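The values are calculated or read from the model by the stated rules, or taken from the named source; none is laboratory data. Since this is a predicted model, take the numbers as computed values, not measurements. Glycine gets a Cβ as well: all are built from the backbone with ideal geometry, and neighbour counts include every protein chain shown. When the accessible area is computed, the model is the full protein with side chains, heavy atoms only, and any ligands, DNA or RNA have been set aside. Shrake-Rupley method; radii C 1.70, N 1.55, O 1.52, S 1.80 Å.
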Amino acid sequence: MHPITAVFFDFGGVIADSPFANLSRYERQHHLPTDFIRLTNAENPDGNAWACFERGEIDLDEFDRRFRAESRARGHEVAGRELMPLLQVEVRPAMLPLLDRLRSKGLRLACLTNNLPIGDGPGMSQDTAHARKVREALSRFELVLESCRAGIRKPEPEFFHLACEKMEVLPQQVVFLDDLGINLKPARAMGMTTIKVTSAEQAIEALAALDSVE
């Protein structure tokens, strides 16, 4: 058995609110089918516009062009650039004391985020006040690994291997929290302890239930 020495966190949906609520609101406002955007991104998930943009392989103009074509092929053309402001999400206040408590216990923290090369910083901030809040939260992490800078993304196993390499830990020494099961699966297969997050409160309780962490 390897002792837990590090905790890896997703950003949107764990440290911060999920952008899915914003995307769902956009769908309602534009009379799109429920989950239209998510289901568009589920087709060709490793090579579609969103995946390529998250890896930093294309710019915003090319993403917009490709996403328009992909969504049009599914019956409703959506401008990809219109979705970008919806990705700005608020940091969950309850997570900050948790991060501080974990650090005080000597645990090493990393943030693993699939993000896009837009806005200000890892949180893709659209304004300076939001960027400041994100920087304050992320200052608690030893490592912030961004997909758009690394050129790889969750759920690609290489992304998790890179995080472990940079943190100099074994997967078996890591707890990983994410709100998407598809991202947890490869981490779990590597040997990480995984927690699927549904809320800040549930994440805090799940970590507290691990004797090796809290």
Task: Any hit, region 100-116, residues being free of Cβ contacts under 8 Å to residues at least 60 places away in the same chain and of a type in the set (Val, Ile, Thr) - done: no
Open item on the list: I'm checking my understanding of the structure. Among residues of region 37-53 that are over 17 Å from the mean Cα position of the chain (by Cα) and part of a loop (DSSP other than H, G, I, E, B), which one is nearest to residue 156 (Cα to Cα)?
Closed with: 47
Open item on the list: Based on this model, can you work out whether residue 174 counts as closer than 14 Å to residue 111 by Cβ and of a type outside the set (Gly, Ala, Ser)?
Closed with: yes
Open item on the list: So, in region 4-52, exactly how many residues are of a type in the set (Phe, Trp, Tyr), free of Cβ contacts under 8 Å to residues at least 40 places away in the same chain and within 23 Å of residue 203 (Cα to Cα)?
Closed with: 1
- [ ] Would you mind stating whether residue 15 is out of contact with any strand residue (DSSP E or B) (no Cβ under 8 Å at 6 or more places or on another chain), modelled with pLDDT of 95 or more, among the aliphatic types (A, V, I, L, M) and closer than 30 Å to residue 141 by Cβ?
- [x] no
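Could you list, in sequence order, the residues of region 12-49 that are polar (S, T, N, Q) and open to solvent by 60 Å² or more (accessible area, probe 1.4 Å)? First the steps, then the outcome.
As a first pass, look at region 12-49 and keep what is polar (S, T, N, Q): 18, 22, 24, 29, 34, 40-41, 44, 48.
Residues satisfying the conditions are 29, 34, 44.
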Task: Selection from region 171-214 of residues that are free of Cβ contacts under 8 Å to residues at least 24 places away in the same chain and basic (Lys, Arg) - done: 188, 196
Open item on the list: What's the total number of residues in region 89-127 that are on the phi > 0 side of the Ramachandran plot and more than 15 Å from the chain's Cα centre (by Cα)?
Closed with: 2
